[in-house]
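Participant: Next up is a structure, given as structure tokens.
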Amino acid sequence: MSNARTAAVHLGANRIATSLTECISSQLQKILSSASTKVFSRKEYVENLRAAVVTAGNRGLLQNEVEPILREKKALDRFEHIVISEHALLGSMGDMLTKKKIFPKAKQRVQNVDLAFSDRKLSLHLAIAPQAECYISLLADGKFSSDSVEGATPVHSWANLVRRVRDACPRADVKIWDFEKPDEIMPSFLSSLLAIEADLLDHRMRDEIVKNSCQHLKNAKLLGKIIQIDKDLQTRMDAQYELDLAAIAAMPNVSLVQSSDLVLHTE
């Protein structure tokens, strides 16, 4: 198989960046078809890949007992680029902020992804946002209550997660996307994940992407004016995010992309 074949996997985190399938218009689908790109739908991911990604323990990996990755893999050989975009790939929403360590199963799951696409050049994409916004998004969810972590709300480090992701798959190109300004970063995130030139996203397409993307994160920004969290917790979370951005920017073999780095297109 040609070394030119590639795979890009959006690992999450939950409720930050929008799933790509929600952004792909008919016009963009035509561009992807001509570029020989396959974007997995949610249904295709669940049926073909999820069982292998969430497999725990090395025993199955070492003995090749993991469910064969992508049942229709031969049918995928004709595509030069494969894209997976799943928010919960590293773990559930509860694994984001209520565990002692954010996404404790991240290492195993990234290794499983590495195994799944061992025959392709792999890029891993992780979207991050301020911890306070992620926490507010969880508070706004009916299945989560601050009472469950009252008095012991953890302030997790994105940088710690990034190191574990990088170390779990050293061969991958790891890109971390700062979604503090989601409308500014989303078009570039989309074009990078799909491996298409940003110029192919015309003005109307970019407007649609911005309009329809990152609703959970945008809602969290609005809810931040309504749902008040402890001021000390807010301060600690904001400080941790700044520390994380600095640590990730200095991290070897990892790229941090922020809106300030981008040349915004205005057509």
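Each row is one residue, and each column tells you yes or no for (1) farther than 14 Å from Gly12 by Cβ; (2) of a type in the set (A, V, I, L, M); (3) part of a loop (DSSP other than H, G, I, E, B).
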residue	(1), (2), (3)
Phe79	yes, no, yes
Leu90	no, yes, yes
Asp95	no, no, no
Val113	no, yes, no
Leu122	yes, yes, no
Ala127	no, yes, no
Glu133	yes, no, no
Ser137	no, no, no
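Participant: Take Ser33 and tell me if it is more than 24 Å from Ile196 (Cβ to Cβ) and at pLDDT 75 or above. Break it down stepwise before answering.
Facilitator: Details: more than 24 Å from Ile196 (Cβ to Cβ): no; at pLDDT 75 or above: yes.
No; evaluated as a whole, the condition is false for this residue.
Participant: Among what's in the range 186-200 and is of a type in the set (A, V, I, L, M, F, W, C) and assigned to a loop (DSSP other than H, G, I, E, B), pick the residue that is farthest from Val9 (Cα to Cα).
Facilitator: Going through the range 186-200, the residues of a type in the set (A, V, I, L, M, F, W, C) turn out to be 186, 189-190, 193-196, 198, 200.
If we keep only those that are assigned to a loop (DSSP other than H, G, I, E, B) as well, we get 195-196.
Details: Ala195: 12, Ile196: 15 Å.
Among those residues, the one meeting the criterion is Ile196.
Participant: Which residue is modelled with the lowest pLDDT, if the candidates are limited to the range 173-185 and must be touching a strand residue (DSSP E or B) at 6+ places or on another chain (Cβ under 9 Å) and either part of a strand (DSSP E or B) or surrounded by fewer than 22 Cβ atoms within 10 Å (Cβ to Cβ) (or both)?
Facilitator: Across the range 173-185, the extreme among qualifying residues is Glu180.
Participant: Inspect all residues belonging to the range 133-156 and state whether any of them is surrounded by fewer than 19 Cβ atoms within 10 Å (Cβ to Cβ) and at pLDDT 90 or above.
Facilitator: So far as the range 133-156 goes, no, none of its residues is surrounded by fewer than 19 Cβ atoms within 10 Å (Cβ to Cβ) and at pLDDT 90 or above.
Participant: Moving to a separate point now. Name the single residue that is nearest to Ala168 (Cα to Cα) among those in the range 36-51 being over 18 Å from the mean Cα position of the chain (by Cα) and touching a residue at least 24 places away in the same chain (Cβ under 8 Å).
Facilitator: Only one residue tops the list, namely Asn48.
Participant: Right, another one. Considering Leu90, Leu76, which residue is hydrophobic (A, V, I, L, M, F, W, C), closer than 30 Å to Arg206 by Cβ, modelled with pLDDT of 70 or more and under 21 Å from the mean Cα position of the chain (by Cα)?
Facilitator: On the way: Leu76 fails: under 21 Å from the mean Cα position of the chain (by Cα).
Only one candidate passes the filter, namely Leu90.
Participant: Only one of (1) at pLDDT below 75; (2) farther than 17 Å from Ser259 by Cβ; (3) in a helix (DSSP H, G or I); (4) touching a Phe, Trp or Tyr at 6+ places or on another chain (Cβ under 8 Å) is not met by Leu161, so which one is it?
Facilitator: Answer for Leu161: the failing condition is (1).
The values are calculated or read from the model by the stated rules, or taken from the named source; none is laboratory data. Keep in mind it's a predicted model, so treat the numbers as computed, not measured. We place every Cβ from the backbone using ideal geometry, glycine too, and count neighbours over all the protein chains shown.
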